[in-house]
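Participant: Dropping the structure in here first, questions after.
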Amino acid sequence: MYVLVPDDPVFFAKFQSLEEPILRRLYLLHGTGPETDDERTVAAAYDSWVQILLRLPLWSRWQTGDTATGAAPGAGTGHLLHGPRGDLLTSLYPIEVTGAELAQLNACLGLFGRREGTARDAAAGGTDAGAAAAPPDHEETTDSFRRIMAVLSLPPPPLLLGLLLPPRGGAGATTVTLRAEQETAYRAYCEAIVTILSAGDTFAYRSHRAMYL
């Protein structure tokens, strides 16, 4: 299946931020003795995370910090997306993900959520087990995880997916211009992405949304 992801530093930062807590949890599980179902779940999720990371648009560019707006894409790196009036838009890129990869990540998210629930229950009971069950930043990590999975689960608008998919066996166009109805689908889809990633923080939401105006 294909999903559409934005050439967006907010999305990339949240996706990349999952690496450390997943690896930390895997390390803790690995040190408890024989391999457990939880350890296998987290290990499979990390493998899926890496595979999706390598497919993200221009991920190596974000890694090096070369994020100048309007920089022309190099060979094989993507396209420039324009609106009907010629305005430069934040690009969306189709990436292929498998049902197994999403299932493995969702299983890990469920494991994180159960750990978070255990910590809350322990804290409500006035015990010290809550701190052991989850570190102070665990709820924030789980929230970012949920938001990333929600973006990866967004159905891509057919009007955009068909346009942005490169032809089989060849490179796609380096410049893509949307028609009016495609721009409407683009705006609605991007608004959904911004709401998922930044809702709950008015300043972050406004700043993030400004990238797509």
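Participant: Is it the case, given these coordinates, that Gly86 is open to solvent by 40 Å² or more (accessible area, probe 1.4 Å), under 16 Å from the mean Cα position of the chain (by Cα) and at pLDDT 90 or above?
Facilitator: Details: open to solvent by 40 Å² or more (accessible area, probe 1.4 Å): yes; under 16 Å from the mean Cα position of the chain (by Cα): no; at pLDDT 90 or above: yes.
Spelling it out, it is not the case that Gly86 is open to solvent by 40 Å² or more (accessible area, probe 1.4 Å), under 16 Å from the mean Cα position of the chain (by Cα) and at pLDDT 90 or above.
Participant: Looking at segment 201-208, can you tell me whether even one residue there is open to solvent by 60 Å² or more (accessible area, probe 1.4 Å), within 17 Å of the chain's Cα centre (by Cα) and hydroxyl-bearing (Ser, Thr, Tyr)?
Facilitator: Looking only at segment 201-208, we keep the residues that are open to solvent by 60 Å² or more (accessible area, probe 1.4 Å), and these are 201-203, 205-206.
In the following step, the residues that additionally are within 17 Å of the chain's Cα centre (by Cα) were identified as 205.
Add one more test, that the residue is hydroxyl-bearing (Ser, Thr, Tyr), and what stays is 205.
Yes, because at least one residue in segment 201-208 is open to solvent by 60 Å² or more (accessible area, probe 1.4 Å), within 17 Å of the chain's Cα centre (by Cα) and hydroxyl-bearing (Ser, Thr, Tyr).
Participant: State all residues of segment 7-30 that are modelled with pLDDT of 90 or more, among the aliphatic types (A, V, I, L, M) and either open to solvent by less than 60 Å² (accessible area, probe 1.4 Å) or in contact with a Gly (Cβ under 9 Å, 6 or more places away or on another chain) (or both); if no residue qualifies, say none.
Facilitator: Selection gives Val10, Ala13, Leu18, Ile22, Leu26.
Participant: Being modelled with pLDDT under 55, in a loop (DSSP other than H, G, I, E, B) and open to solvent by less than 50 Å² (accessible area, probe 1.4 Å): is that true of Gly76 here?
Facilitator: Values: modelled with pLDDT under 55: yes; in a loop (DSSP other than H, G, I, E, B): yes; open to solvent by less than 50 Å² (accessible area, probe 1.4 Å): no.
No; evaluated as a whole, the condition is false for this residue.
Participant: Could I ask something else about it? When you look at Ala185, is it of a type outside the set (Val, Ile, Thr), more than 13 Å from the chain's Cα centre (by Cα), farther than 27 Å from Ser48 by Cβ and modelled with pLDDT under 95, yes or no? Spell out the reasoning first.
Facilitator: Details: of a type outside the set (Val, Ile, Thr): yes; more than 13 Å from the chain's Cα centre (by Cα): yes; farther than 27 Å from Ser48 by Cβ: yes; modelled with pLDDT under 95: no.
Against the criterion (of a type outside the set (Val, Ile, Thr), more than 13 Å from the chain's Cα centre (by Cα), farther than 27 Å from Ser48 by Cβ and modelled with pLDDT under 95), Ala185 does not qualify.
Participant: Looking at (1) in a loop (DSSP other than H, G, I, E, B); (2) at pLDDT 85 or above; (3) not charged (D, E, K, R), which is the one condition that is false for Thr142?
Facilitator: The failed condition is (1).
The values are calculated or read from the model by the stated rules, or taken from the named source; none is laboratory data. Bear in mind that the values here come from a model prediction, so they are computed numbers and not experimental data. Please note: Cβ atoms are built from the backbone with ideal geometry, for glycine as well, and neighbour counts cover all protein chains shown. What goes into the accessible areas is simple: the full protein's heavy atoms, side chains included, and nothing from ligands, DNA or RNA. Shrake-Rupley method; radii C 1.70, N 1.55, O 1.52, S 1.80 Å.
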